[in-house]
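Here the structure is laid out as structure tokens; the discussion comes afterwards.
Nothing in this text is a laboratory measurement; each read-out follows from the coordinates by a stated rule. These figures come from a predicted structure and were not determined experimentally. Counting neighbours? That spans all protein chains shown, and the Cβs are built from the backbone with ideal geometry, glycine included.
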Amino acid sequence: MRFLPLVAANLLRKKARTLLTAASFAVALFLFCLLVTIRAAFNQGIDAAGADRIFVTNRTSLIQPLPLAYRDQILKLPGVEAVTYANWFGGVYQDPKNFFPQFAIDKDTYRDMYREFRIDDAAWREFLSDRTAAIAGAALAERFGWKVGDRVPIQGTIFTGEWNFHLVGIYEGSKPTDDLTQFWFRSDYLLENLPEGYPDGLIGWYAVRIAPDADLVEVCKRIDERFANSAWETRAQSEKALAASFVKQMGNIETLMLAVGAVVVFTLLLVTGNTMAGAVRERTAELAVLKAIGYGDRFVLGLVLAESLGIALLGGVAGTAFAKAFTLGGDPTGGLLPVFYLPDGGAVAALFLALGVGFAAGLAPALQAARLDVATALRRL
Amino acid sequence: MARVGSTARSEALICLRGVAKGYRRGSEDLHVLTDVNLDVERGEFVALMGPSGSGKSTLLNLIGGLDVPTAGTIRVAGDAITALSRARLTAWRARHVGFVFQMYNLIPVLSAFRNVELPLLLLPLSKADRRERVATALRVVGLADRLDHKPRELSGGQQQRVAIARAIVADPTFLLCDEPTGDLDRHSADEILEMLHHLVAEFGKTVLMVTHDPRAAARAQVTFHLDKGELS
């Protein structure tokens, strides 16, 4: 602690240089945190997916429907504890750019299947009693300024026409990865009001909860075998596998992030290493005098490293804090990344990255300073 | 009284025997010092004179433990410093040597107080003790009212006085001054020489001073001359 004034004074020796170097750290760390946030956003479905849930879709494609009659047959299979279903509605609110997921859900089973979503009991009772009722995620309601009691008109793009809903509740999540941008309404309302020409008795997909002692892979197999060679063959897979397949469809985000992250770190190393080398070069005389009056090689090594780490920490904290504040504002893409937040682990990783780069960048100049020969340096004065 | 010669004197504070220093520059061997024998007693003010390149600063560096001789032994207050490792030599310097340089070499971003405090940070002293010692050292050099001034806010003479305060604040065994008046005007130089004389006369400090200036050397009790690496 007694040497802190010396470290601080050296950092403030050239304020503009220190601030600019710290700013380069801040910008790079902000970028890193954003990458972590985007990665988390892409992977949120995997994190949020229930470990005991199976997603059953049409074998041909996710957008092909399945018969509603499958529900009871699936429920009878060994290892199945509960079944619900839903439909993708695909409408827009007021403007085509106001896109968000709308699900026509089974009012009797959906809430029990997705217990991670918190809904007020009174709101759910109203949902059950009102055929036009809808429930929105908290983030979605905030996005459009909706309040309970509002009338929400949705323009159907698959199920054409204007559909009017009565917002009776707003759901919350139980963990940060839970998607709060969904809009639920009753499946019976959809099925009873299908536009002319739409086939009846079809739903989008089933969600199945397995019994505690059941084997998920076995239950998937049983479901697919049950409907094999039928007109509507199924593909049953774990919710996590489905979410991972969505991420995979978007390309190798991980590799892209690693590449960008590596470039950021390398650039930072060059910038900070150059700064610290310059700082040591211009202070050769001072370092020589410090050594002459009794400061050892290790102290000088520590002094230069402390300065490098100080800049790294300053920039790292600023960049990470700015990124945290930015992500607190929620999804900046208008619906593409519904769960947009910087995970705590990502923030900690960013700070460690900053310190690691600060250490690596300061090491060479610090070793150079530590090895400085006092007599030779003083002769050059 | 200090003297050159090879007869050992047990009471000498600084004792050099057969000290030589050489460098290799390319394929050429340079002999900067050859067979230097010197005794300096406690409380003496000794001047070293000689032309440029005669080895004055090299000799000062050897005595101050900043460099090691290629031959011979150096003993200071009984310690054979030529036998010490680099790390122990650093610790020894902190305890025994106060340096004053021609260009003052203060840390420009630190106040006079912080500059003088630097050697004390290496000692197990409380903050209050350090503050008291720094205040005393700055009072001795007549700068008690300049504690918070940065070096750039002080004249050359004042900066050198701060450097002297830094050199004496840890109460070292002796002071090594390398051209301490070389960058000062006559008036400031006289003040610095008077101060060094005062430290010897009043506080019993031992001072070795390298100088080109005969007037500066005249303030010392003993003057030795170095020429082509030989002390006389």
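Brief remarks on what is shown
- Antiparallel beta bridges, as assigned by DSSP with both residues in chain A, represent about 80 percent of the total such bridges.
- Summed residue charge, Cβ within 13 Å of A:Ala138's Cβ, Lys/Arg positive, Asp/Glu negative: -3
- Amide hydrogen neighbours beyond the local backbone of A:Gly91, cut-off 5 Å, H modeled: A:Gln102, A:Thr157
- In nm, spacing of pseudo-spin labels at A:Ala321 and A:Asp121 (7 Å Cα→C-beta vector): 4.5 nm
- Cβ-based charge dipole, segment B:143-209, positive-most Cα from B:Cys177, B:Val162, B:Leu199: B:Val162
- Per principal axis, descending, Cα span of segment A:2-67 in whole Å: 75, 25, 11
- The charge dipole of segment A:47-94, taken about its Cα centre with unit charges on the Cβ of Lys, Arg, Asp and Glu (plus for the first two, minus for the last two), comes to roughly 180 debye.
- Helix A:216-226 axis, angle to chain A major axis (alpha carbon atoms, nearest 10°): 30 degrees
- Principal-axis analysis of the Cα atoms of chain B puts helix B:127-140 at an angle of about 80° to the longest axis.
- Here segment A:60-232 carries DSSP beta bridges of which approximately 70% are antiparallel, counting only pairs with both residues inside.
- Calculated [222 nm] ellipticity per residue, helices only, for chain A: -17000 deg cm²/dmol; basis is -39500 (n - 2.57) per DSSP H run with n ≥ 4, divided by all residues, nearest 500.
- DSSP beta bridges in chain B [antiparallel fraction, %, rounded to 5]: 55 percent
- Electrostatic bookkeeping for A:Thr21 treats Lys and Arg as +1 and Asp and Glu as -1; over the other residues with beta carbon under 14 Å from its beta carbon, the sum is +3.
- Cα centroid separation - segment A:273-305 against segment A:180-230, whole Å: 69 Å
- Helical runs (DSSP H, four residues minimum) scored at -39500 (n - 2.57) apiece and divided by the length of chain B put the mean residue ellipticity at 222 nm at -9500 deg cm²/dmol.
- Chain A: relative contact order in percent, alpha carbon pairs under 8 Å with at least 6 residues between: 28 percent
- For chain A, the longest principal axis of the C-alpha atoms and the axis of helix A:344-370 are separated by about 20°.
- Loop sites in segment A:86-130: trypsin sites (Lys or Arg not before Pro), DSSP, at most 13 other Cβ within 10 Å: A:Lys97, A:Arg115
- In segment A:127-211, trypsin sites (Lys or Arg not before Pro) in a DSSP loop with at most 12 other beta-carbon atoms within 10 Å: A:Lys147
- Peptide-level mean, for B:65-71, of C-beta atoms on other protein chains within 10 Å: 3
- Point-to-point label distance, A:Arg298-B:Asp35, nm (Cα→Cβ direction, 7 Å offset): 4.3 nm
- Modelled label positions at A:Thr255 and A:Tyr198, each set 7 Å beyond Cα in the direction of Cβ, lie 4.1 nm from each other.
- The distance separating the Cα centre of segment A:19-93 from that of segment A:312-358 comes to 23 Å.
- At R0 = 30 Å, FRET efficiency that the Cβ-Cβ distance of A:Ala241 and A:Ala69 yields, to 0.05: 0.75
- Taking the Cα centre of segment B:1-128 as origin and assigning +1 to Lys and Arg Cβ atoms and -1 to Asp and Glu Cβ atoms, the resulting dipole is close to 320 debye.
- Proximal charge balance of B:Leu196 [Cβ under 15 Å; K/R count +1, D/E count -1]: -3
- Calculated from backbone phi, Karplus (6.51, -1.76, 1.60) coupling profile of segment B:38-52 in Hz, x at Gly/Pro: 8, 10, 10, 8, 4, x, 9, 10, 10, 10, 10, 10, x, x, 4
- Chain A: proportion of alpha-carbon pairs further apart than 26 angstrom, %: 63 percent
- Sparse-neighbourhood loop sites, GluC sites (Glu not before Pro) in segment A:148-219 - DSSP loop, at most 10 other Cβ within 10 angstrom: A:Glu196
- Distance from segment B:20-51 to segment B:155-232 (C-alpha centre basis), Å: 18 Å
- Average beta-carbon neighbours from other chains, 10 Å sphere, peptide A:293-301: 6
- Per residue of peptide A:371-378, the mean number of Cβ atoms on other chains within 10 Å of the residue Cβ is 5.
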